[in-house]
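To start, the structure itself, in structure tokens.
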Amino acid sequence: MHRMKHNTRLAALALVALSALPALPAWAADPLAPYPVTIWSRVLFGTDGKPQTLEVVDADQYPAGFVNNVKQRVAQASIEPPKVDGKPVTLRSGVEMRFVITPKPEGGGAVRVDGMSISALPVKRYLAAYPAEITATGGWEGEITGVCTVGVNGRCRKVDIVVNAGMPESVRRYAKATLDGWEFEPQEVDGKPIESEFRLAIQLNTLDATPEDFRQDKFDRVTKKR
């Protein structure tokens, strides 16, 4: 059975499900701080390992120029095609492009490519309720990693949680409940869905002070001024 691995990150700050937004929100404390943006595409790689078709997910949420830039970069990607019976075959997969946006005081901002990877495409993201013992502790920080085995039905068939020593058990349960709520478009090899691995790093941070505006789409605000 073909298996593929992937790494991505989810920020869970101030009890807000930021992963559902197209960009990290604008924190009132530091509106010029760099922040990450993740763009997904659906891609069919041919037997030569090069994209045959590609579609940027939720393209209408981003400026046209930025979407075209993403398409150009993904179109230049290449992979080692999977093989069936010794022959190269197609791979249909999600492709994640990661950017870091650095705002400028005068408006606009610098965009830097932070990486590209392939995996099952997330189509539903979910953040479980924060553990009560964590929400009651201001300034608490920690990171956990969840490893989801994405089944051919697009759900996590198995979830393994990696935590540091001393991490509360409630945090482990929180991470598992979070990934159990995710849904994916499974990767396809030669037109058939396969299992794959999706790795999610979850950062927990209970801030002492709640930000004034944690829903503003800073990515949209910055790029539209470019």
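The values are calculated or read from the model by the stated rules, or taken from the named source; none is laboratory data. Predicted, not measured: the structure shown is a model, and the values here were computed from it. Note that we place each Cβ from the backbone using ideal geometry, even for glycine, and neighbour counts take in every protein chain shown.
Assorted remarks:
- Top-ranked residue of the range 145-166 - restricted to ones that are farther than 30 Å from Val89 by Cα and out of contact with any strand residue (DSSP E or B) (no Cβ under 6 Å at 6 or more places or on another chain), ranked as surrounded by the most Cβ atoms within 10 Å (Cβ to Cβ): Asn164
- Cβ pairs under 6 Å, 6+ apart, first in the range 48-72 and more than 17 Å from Ile101 (Cα to Cα), second part of a helix (DSSP H, G or I) and not charged (D, E, K, R): Pro51/Ala75; Leu54/Val74; Val56/Val67; Val56/Val70; Ala59/Val67
- Scanning the range 126-164 for residues that are modelled with pLDDT of 95 or more and closer than 27 Å to Thr102 by Cα yields no hits at all.
- Matching residues in the range 72-110 - criterion: being farther than 25 Å from Val57 by Cβ and of a type in the set (Gly, Ala, Ser): Gly86, Gly107
- Considered as a group, the residues in the range 165-201 that are among the small types (Gly, Ala, Ser) and assigned to a strand (DSSP E or B) include one that is modelled with the lowest pLDDT, and that residue is Ala201.
- Single residue of the range 104-123 satisfying the filter (in contact with an Asp or Glu (Cβ under 8 Å, 6 or more places away or on another chain) and in contact (Cβ under 8 Å) with a residue 60 or more places away in the chain) that is surrounded by the most Cβ atoms within 10 Å (Cβ to Cβ): Ala120
- Complete set of residues in the range 130-150 that are touching a Leu at 6+ places or on another chain (Cβ under 9 Å) and either without any contact (Cβ under 8 Å) to a residue 60 or more places away in the chain or hydroxyl-bearing (Ser, Thr, Tyr) (or both): Tyr130, Pro131, Thr135, Thr145, Gly146, Val147, Cys148
- For the range 1-101, the strands (runs of 3 or more DSSP E) that sit wholly inside it and include 3 or more residues that are modelled with pLDDT of 85 or more and touching a Phe, Trp or Tyr at 6+ places or on another chain (Cβ under 9 Å) are 35-45, 51-56.
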